Structure formats: structure tokens, C-alpha cells
Amino acid sequence: MTAGADARGTVTAPPAPPSPKQPSQVFDAPDLSAPGAVLTDAEIDFFVRHGFVVKKRLLAASAANAALDRTWRHLLDRVPMADGKGALRQHDRSTWVSPAWGPMPPTPTDGPHAGRAPIVYSGATVKLHDLGAAGFLVRLVPNNPKVRRVAEGLLGNLRPSRRTRGVYALFPTRQDEGEAETRIADALLPHTDQVCQQLNACAYLDDVPPHGGGFTVYPGSHKALFHAHRFAANWSPLPHFAEVMREVATETAPLELTGSKGDVVFWHGRLVHSAGVHFGQHIRWAVFADFTHNGETLSDDEHRALGQFEWFKDTRLLRSDIETTTCEGKDDDAHPEAMWRGWRLAGR
Ligand SMILES: O=C(O)CCC(=O)C(=O)O
Ligand SMILES: [Fe+2]
């Protein structure tokens, strides 16, 4: 049954899962592709079971390099450094470690960037949201025919892509001594994303070595989190959401996805994930993109009224969404079809 009436759910902010958290394990995802196939059965099975699949070197290296050069220019142009603390330089790795950013202006409360700074720079993280709609990024990831065919093969008819979330960089930091396992677990911030979450992509613009900030996923968590929402896609956490997150964080060993320039991780919108631990010397460069069905969506003002307007994401609440209770108890491995209703992969 499709919920045509109120597809918005009851929204309450979930508390963060506490420690102890499981440390992540470095994971080089298997290459399950086959020449000429957009998606193999093995890739689809992997995605259904684990909630993600990695398409290796899906982006051309030359295009990733060009995008990275433009991203560097934008970052150097727009992100201020702290006075007297030394400049950041693209081709001087010694400047990459623990960069001292200038102060961030307050988050805009109105205008086009209300609710989220156009660029977030804090500690080791830089999120270039304002670059997210740049043509070269939209062409490289969500509108790249190779990426789009995979997303369509998994999800079906897609809402036209207008933007990405931007480029997310994780810089190397000076490391304190400490027990590696504790540092790894403590550094993780398992969470799920909001607004409307069906399918997402994380594309690497450069190689991501072990413990180099690889996107980190909690395999299989998409199934439990699916049932921790009232609706299949729209942000609609149920009262037991926090408990489910706690169980995932304490019981599931997260996988830190190492990879190469051009790899694209496709991940289910309900998959628990985190930015990865980073003890290395490289910068982790990733473009995040959102995909949803091409259904009717709420207006921007309706999102604002619900406190759900996130301008930097290419996703909007669906006016008609599926009630997860109608899928209850049927998404085990023997009957995987329930939580995949409406997905193209279910029809293969
Ligand atoms: O940068 C990453 O690896 C993860 C970012 C993320 O999960 C988010 O911004 O919601
Ligand atoms: Fe996230």
C-alpha cells in the first residue's frame, strides 16, 4: 500500500549512538563487474545483502584529475587560512597536515544557504557544498552516463539530477599516541542521512589508502534502519530508531572502503555510515550525490516548514511514500523483495 496521505512521518531528532563502538576494518571491496554489464547479478546480490556496492574505476581518471584540480582552485580561493599559520598548497604535502583554517562565519539563517554554510571547514574536514552544483561535478558523477546507468539499474526512473552535495575532503592530521582500536572506534560517527534517502553515491577523486579516511559503512544495517522509519524513503524515524542505531554501532563491524581514483560507492539511503578514520598522509577527496525516484515532491517551502530543507542535497521529500509496516517481516534473505518495492533491481 502506498501512503498517499501523509508521507512525512513524525520527525524527532535522534541522539547519537554512544560508545562503545565497533572499530572499522579496512575493506577492499570485491570487483563483481563483468565486461559490458551495467550491473551483474553478483553486484545486485551484494547491494541487496550489504546495502552498498563498489564500482571500481567507474569515472575516467583524467576526468577525476581535472575535477580535483578545479576543486583545489576553489578551495584555495574560498577557504581562508588562519593569520600567520602558513598557506595550503596543492603540490606541497607538508602543508596538508592539520591545516589551520581561519574562522568560519556564522551559518546563514536565511537566503539560499540558510541552515548550512556554503563551505564547512573545521578540523580535518572541508565540505565544499557551494561547489555541488558546478557543471563539471554534476557531469562527472550523477549525470555521468556510467554512474546514471548503475543508479537506474538499482533504483529505476530517477529524478533529474541538479547538483551533488559537493566535494568532501578529509585532511591528514598530526596524530597523538594511543591505542589504535580505541582511536579507530572513537573517531567514527555512525549515522544516517535525512530528507529523502533512497540511493546515494560516493565517488573518489583520488586514491584512498587504508586508514586514509575511506567512506565507512555498516554492512547490512540498511535492513534494520529501513524498519526504524515509518516510510521507505522520507526521513521519518520511529521511536525505536535510536535503539536500532545503538545496536548497529555496538554490534556491526564497520567497513572502511579503501579504493582508487574513480571508484564509486553506491549505497542504500538507510545504510548507517561514517566518515572514515584517517591516520595517513593523503587527502581523502569524495563527491557525494543523491538519487531518488522521479515522483512528486514537496515544495521548498513545505520542506522549510518541516525543518527539512537541506539546500546542498539533491533530494526532496516524496509526496507519496511507502509505509514500511506494509513490508514488515518480509525482507529476510529468502524474501528480499519487500523493502525493494519500486526498485528496478527487484524486477530482475
Ligand atoms: O565524508 C564522509 O565520508 C561522510 C560524510 C557524511 O556521511 C555526511 O556528510 O553525511
Ligand atoms: Fe552521512
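The values are calculated or read from the model by the stated rules, or taken from the named source; none is laboratory data. Please read all numbers here as calculations on a predicted model, not as lab measurements. So basically every Cβ, Gly included, is an ideal-geometry build from the backbone, and we count neighbours across all protein chains shown. Please note that ligands, DNA and RNA were not included when accessible areas were found on the heavy atoms of the full protein model with its side chains. Shrake-Rupley method; radii C 1.70, N 1.55, O 1.52, S 1.80 Å.
Computed values, structure above
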quantity	calculated
Residues with amide H under 5 Å from that of W101, placed H, sequence gap 5 or more	A82
Förster-model FRET efficiency, 35 Å R0, R149 and S320, C-beta, rounded to 0.05	0.85
Mean separation of Cα contacts under 8 Å (6+ apart) over length of the chain, as relative contact order %	29 percent
³J(HN,Hα), Karplus 6.51/-1.76/1.60, whole Hz, each residue of segment 295-303, x for Gly, Pro	x, 5, 10, 5, 6, 4, 5, 5, 4
Gain in span if fully extended, H191 to M81, counting 0.36 nm per residue against the direct Cα distance	36.6 nm
Shape call, segment 118-230: gyration tensor on alpha carbons, a/c limit 1.5	oblate
Hz values of 3J(HN,Hα) by residue in segment 141-149 - Karplus curve (6.51, -1.76, 1.60), Gly and Pro given as x	10, x, 9, 5, x, 5, 6, 5, 4
Accessible-area value, E323, 1.4 Å probe, nucleic acids and ligands omitted, Å²	30 Å²
Solvent-accessible area, 1.4 Å probe, carbon plus sulfur percent, for segment 24-347	50 percent
Cα centroid separation - segment 90-166 against segment 218-287, whole Å	18 Å
For the chain, accessible area per residue (1.4 Å probe, heavy atoms of protein chains only), Å²	43 Å²
For the chain, the Rg and Dmax computed from alpha carbons only, in angstrom	19.5, 61
Residues with amide H under 5 Å from that of T125, placed H, sequence gap 5 or more	F171
Label point distance in nm, N65-E247, each placed 7 Å from Cα along Cα→Cβ	4.9 nm
Note, ³J(HN,Hα) from phi for segment 54-63, Karplus 6.51, -1.76, 1.60, rounded to Hz, x at Gly and Pro	10, 9, 7, 6, 6, 8, 5, 4, 5, 5
Amide H within-cut-off set for G259, under 5 Å, with H built and near neighbours excluded	V208
Selected from A61, A151, A289 as most flexible by GNM, with the chain as the system and alpha-carbon contacts under 10 Å	A61
